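This report concerns only the one structure given below.
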Amino acid sequence: MTRAELKAEAKKQISGKLGILLVIFLIVIAIEGVANLIPVVGIYISGIIIAPAFTLSLNMIYLAITKSQGVQVGDAFKGFDKMGKAIWLHILINFFTFLWSLLFIIPGIIKSYSYSMAFWILAENPELTAREALAKSKEITEGHKFDIFVLHLSFIGWALLTGITFGLAGIYVIPYMNTTLANYYNTIKEA
């Protein structure tokens, strides 16, 4: 599928679902925001414990959308069932990206694209370990890292629009981008 086809498909897939996706997004933001307010440790609780579980949940939601499955508000917490794996995957990704970045910034950026599909893989295959999801991500992104980079770049105008509208455009942009990325994952996992 071309980038334009992935995006067109994503627009169709999120049609009629923006309300529920907004509610889910607001729940995630509210919980992470409250966690951040805890003195001293809040930022660590939010960034290391809560955020990876929500990332896994959101990836499960967007994969469900690409498969024309229903989405419910409670799905925002699905990733908490595999919270340990999500946290460990988050730690591994950040640790290995940091190590590669020590060789200058570019190797770290390249490796971050190698690891970019790990949460999608874990969302679809929760029986895998974090290391298996990471290894599978490196495998399926082989030869696709530049495509992923360009796909991310193609949303730069949308990101600017979100900034200009003080986040209001994010109501559409975030689901559109994430569904496009889920479609891309579905495309390369089968290649």
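Run lengths n ≥ 4 of DSSP H only: what is the helix-derived mean residue ellipticity at 222 nm for the chain, with -39500 (n - 2.57) per run over all residues, to the nearest 500?
-22000 deg cm²/dmol
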*Please tell me which of these pairs span more than 21 angstrom C-alpha to C-alpha: K7/K136; K145/K189; K7/K82; K82/K111; K7/K111?*
K7/K136; K7/K82; K82/K111; K7/K111
*Which entry in [x] 54, 37, 35; [y] 46, 43, 36; [z] 66, 35, 34 is this structure's computed Cα extents along the principal axes in Å?*
[y]
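Throughout, read-outs are computed from the coordinates displayed, never taken from laboratory work. Since we're looking at a predicted model, the values are computed, not measured.
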